[in-house]
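Data first, discussion second: the structure below is written as structure tokens.
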Amino acid sequence: MLAGLVPAARVVGVTYLVDDPGISNVAGHYPEQVARTRAEIEALLALRPDLVLVSTHSDAIAVRMLLSAGVAVARFPAFDSFEEVARNLWLLGELLGVPGAAREVVAEMEMRLAAVREAVVGRARPGVLYYSLSGSTGGPGTLTDEMIQLAGGYNLVRETGIEGYQRITRELAIALQPEVVILSDWSGGNDPAAAQQLRTDPAWQAV
């Protein structure tokens with residue numbers, strides 16, 4: 001969101017994960033001069049930021065230390081729907097003094113979503129399972145579920161009564177008989193090893 005609203009020159013530090021193309025959609029955006037951090041409080045304070053952006057899962061102790069040092073902190077709520085993503089963008093735009101840029105980014109997002117909805121009208125809805133080898137999946141109440149539904153699929157986890165992000169057993173995943181598996185690999189990169197594990201696992205051969 002930050003990359004879409006302000007130039008890199010206004011940013012003094014970003015998470016080290018920003019450079020991982022497997023999990024970051026802005027890999028390569030920030031030049032080397034922008035510090036990469038791992039949320040160590042001393043390193044953050046050394047950057048002398050006017051504002052630090054954190055998420056709901058950021059370390060609470062680090063956040064309290066930043067506040068006690070007089071640094072402004074903005075903690076963003078969850079992003080379990082595109083509506084929440086839009087609200088976060090509007091809030092960030094206000095905080096950074098660029099509300100117009102935020103409106104433009106949100107408008108572009110809404111146009112892209114509308115184009116996707118139109119593209120799948122009248123098409124058959126394949127059964128989809130979002131899954132990781134650890135068993136993680138996403139049911140109703142998650143951005144993952146909303147993306148699957150908007151893209152023209154049917155999230156099979158809806159058949160289980162599971163809501164939010166939870167883990168399911170391999171047996172349940174197989175029993176759902178998905179037509180499409182969206183395989184999550186949080187380790188980053190495009191390593192095909194996880195997909196290959198499913199392809200060679202005898203238990204998955206009937207899927």
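The values are calculated or read from the model by the stated rules, or taken from the named source; none is laboratory data. Source: prediction; values computed, not measured. Cβ placement follows ideal geometry from the backbone for every residue including glycine, while neighbour counts extend to all protein chains displayed. These area figures cover heavy atoms from the full protein model, side chains too; ligands, DNA and RNA do not enter into them. Shrake-Rupley method; radii C 1.70, N 1.55, O 1.52, S 1.80 Å.
Summary of values
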read-out	value
Helix runs (DSSP H) in the chain reaching 20 Å along axis by Cα, Kyte-Doolittle at least 1.6	none
Interatomic Cα distance distribution for region 74-207, bins of 5 angstrom, percent	2, 9, 16, 17, 17, 15, 11, 7, 4, 2, 0, 0
Environment charge of Val14, counting only residues whose C-beta is closer than 13 Å and scoring Lys/Arg +1, Asp/Glu -1	0
Of Ile61, Ile182, Ile174, the one that fluctuates the most in a GNM where the chain has Cα springs shorter than 10 Å	Ile61
Exposure of Met109 as accessible area (Å², to 10), given a probe of 1.4 Å and all protein chains	40
Beta bridges per DSSP with both ends in region 85-207, % antiparallel, nearest 5	30
Positive minus negative residues near Glu83 (Lys, Arg vs Asp, Glu; Cβ under 12 Å)	-3
Histogram of C-alpha separations across region 1-152, 10 Å bin width, %	9, 30, 36, 19, 5, 1
Carbon and sulfur %, accessible surface of the chain computed with the full protein complex present, 1.4 Å	55
Cut-off 14 Å between beta-carbons: net charge of the residues surrounding Ala203, Lys and Arg +1, Asp and Glu -1	0
Choice from Asp145, Asp50, Asp80 with maximal GNM fluctuation in the chain (Cα, 10 Å cutoff)	Asp50
Computed magnitude of the charge dipole of the chain (debye, nearest 20; Cβ of K, R +1, Cβ of D, E -1)	80
